[in-house]
1. So which residues in the stretch B:41-69 are buried (at least 18 other Cβ atoms within 10 Å of the Cβ) and either under 13 Å from the mean Cα position of the chain (by Cα) or under 20 Å from residue B:132 (Cα atoms) (or both)?
2. Given the conditions (1) more than 13 Å from chain A (Cβ to nearest Cβ); (2) in contact (Cβ under 8 Å) with a residue 60 or more places away in the chain; (3) assigned to a helix (DSSP H, G or I), and given that residue B:210 satisfies all but one, which numbered condition is not satisfied?
3. Just checking, how many residues over the stretch B:80-93 are assigned to a helix (DSSP H, G or I) and closer than 18 Å to residue B:130 by Cα?
4. For the stretch B:123-202, list the helices (runs of 4 or more DSSP H) that sit wholly inside it and hold at least 3 residues that are within 24 Å of residue B:6 (Cβ to Cβ) and either away from chain A (no Cβ under 14 Å) or at pLDDT below 95 (or both); which are they?
5. Could you tell me whether residue B:38 is in contact (Cβ under 8 Å) with a residue 24 or more places away in the chain, touching a helix residue (DSSP H, G or I) at 6+ places or on another chain (Cβ under 8 Å) and either more than 11 Å from chain A (Cβ to nearest Cβ) or loosely packed, with under 15 Cβ neighbours inside 10 Å (or both)?
6. Does residue B:107 fit the bill of being out of contact with any strand residue (DSSP E or B) (no Cβ under 6 Å at 6 or more places or on another chain) and under 26 Å from residue B:21 (Cβ atoms)?
7. With respect to residue B:75, determine if the residue is within 30 Å of residue B:167 (Cβ to Cβ), more than 14 Å from chain A (Cβ to nearest Cβ), at pLDDT 95 or above and not in a loop (DSSP other than H, G, I, E, B).
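The values are calculated or read from the model by the stated rules, or taken from the named source; none is laboratory data. These numbers come from a predicted model, not from an experiment. As a convention, Cβ positions derive from the backbone with ideal geometry for all residues, glycine included, and neighbour counts pool all protein chains shown.
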């Protein structure tokens, strides 16, 4: 879903 | 990457550089909260541990190293090199009231119960309130140097730009993180009072005075 987690942000 | 997130990261970097230059050039950390800087160093340490075993992009890695180095460099300047100018009498916010709830909340509300995820979540929660000692100190001293208010404006703008970045990513139906968004909104709201004073006073050449 849209809230799957992606840690590409600082 | 989008323009909002890039401007946000650059605003964040600008804030850190403004602070370092202010302390280095004036050889003084008067008016700056060492406690907030300490919290920022914890935030970056807890969040950027993945630096050593995940590679997202050169930009990501370089910025993480720069943020870690500058935050510890600021602590060094404040607590060692220019320790004599550190205004501990006005920098009294009880940061344990920020750290402990952030730890508790990270253990209760997170995406998955792993060490790295709990630390990341803790850093997100802590970052949202890390500026409170600084804002408290400005309200206690009743005013801030204009360079300090520029620092705070750049720092507050960074997460406000990240909110625009999340809206942009939502329209692109990219993946988002609810915890980061909620904490980012709280973080930005804490600056609203300051933003109003900055835009109505500092930009007109007046001194920044927070109601004590």
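1. B:41, B:42, B:43, B:44, B:46, B:47, B:67
2. Of (1) more than 13 Å from chain A (Cβ to nearest Cβ); (2) in contact (Cβ under 8 Å) with a residue 60 or more places away in the chain; (3) assigned to a helix (DSSP H, G or I), only one is false for residue B:210: (3).
3. Here the count works out to 0.
4. On the way: elements: B:132-141, B:146-171, B:178-200.
Passing ranges, in order: B:146-171, B:178-200.
5. Numbers: in contact (Cβ under 8 Å) with a residue 24 or more places away in the chain: yes; touching a helix residue (DSSP H, G or I) at 6+ places or on another chain (Cβ under 8 Å): yes; either more than 11 Å from chain A (Cβ to nearest Cβ) or loosely packed, with under 15 Cβ neighbours inside 10 Å (or both): yes.
The answer is yes for residue B:38.
6. Details: out of contact with any strand residue (DSSP E or B) (no Cβ under 6 Å at 6 or more places or on another chain): yes; under 26 Å from residue B:21 (Cβ atoms): no.
Here the answer is no, as residue B:107 does not meet what is asked.
7. Details: within 30 Å of residue B:167 (Cβ to Cβ): no; more than 14 Å from chain A (Cβ to nearest Cβ): yes; at pLDDT 95 or above: yes; not in a loop (DSSP other than H, G, I, E, B): yes.
Here the answer is no, as residue B:75 does not meet what is asked.
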